[in-house]
Amino acid sequence: MSIAFLEQRPPHPARLASIRSIRAIESKDRAAWLGLWREDGVVEDPVGISPLDPRGEGHAGLAAITAFYDNVIAPGDVRFHVRESFACGSECANVGTITTRSADGSVSRCELVMVYRVDEDGRLQSLRAFWEFDELVGRMF
């Protein structure tokens, strides 16, 4: 898996934030990932109602984003493969696959679109991940 494609695309503040986010997640650097966020940031992963977000409102604020990292991201070994990246305005949409290996050795692959929005200082305001929870769970069992 690789983000080489993403790293070769023209620089853009939201794209650079996405690269930093991916690197921090892959290296399990909790402090670096949390340091990318604004206090009022929001993670929607996946967008809408799911067992990860029963109200479908996202994980808003740094405390909720920290809990999301600890409960959803940290337990697995996560790898990204980005095939497409489109940056405009204050946002960047990356298309790719996330592969996660859990502690018990099981592997899941998720096809998704990840949309990153940054503020004028390049800090993450939001991350919206579009993927189908039921489809992913259905492939696992």
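In terms of its C-alpha gyration tensor, the stretch 57-141 has an oblate overall shape, because the principal axis ratio a/c (a ≥ b ≥ c, square roots of the eigenvalues) is not below 1.5 and a/b does not outweigh b/c.
For the pair residue 71 and residue 39 in one chain, pulling the backbone fully straight at 0.36 nm per residue adds 9.6 nm over the alpha carbon distance. Summing +1 for each Lys or Arg and -1 for each Asp or Glu among the other residues whose beta-carbon sits under 13 angstrom from that of residue 42 gives -2.
Considering only C-alpha atoms, what is the centroid distance from the stretch 85-102 to the stretch 13-34, in Å? Taking the Cα centre of each part, the stretch 85-102 and the stretch 13-34 sit 12 Å apart. If only the Cβ of Lys and Arg carry +1 and only the Cβ of Asp and Glu carry -1, the dipole of the chain around its Cα centre is close to 420 debye.
Helical content of the chain, expressed as a calculated mean residue ellipticity at 222 nm, amounts to -7500 deg cm²/dmol (DSSP H runs of 4 or more residues, -39,500 (n - 2.57) each, divided by residue number, nearest 500). So what's the gap between the Cα centers of the stretch 112-126 and the stretch 52-72, to the nearest angstrom? Between the Cα centre of the stretch 112-126 and that of the stretch 52-72, the gap is 16 Å. For residue 123, the shell of other residues with beta-carbons less than 15 Å away shows a net charge of -2, using +1 for Lys and Arg and -1 for Asp and Glu.
Between 50, 63, 81, the Cα set farthest toward the positive side of the dipole of the stretch 30-141 (charges on each charged residue's Cβ, about the Cα centre) is that of 81.
Only the coordinates and a few stated rules stand behind these numbers; no lab work does. All values derive from a computational prediction rather than experimental measurement. Cβ sites come from the backbone with ideal geometry, for glycine too, and all protein chains shown count toward neighbours.
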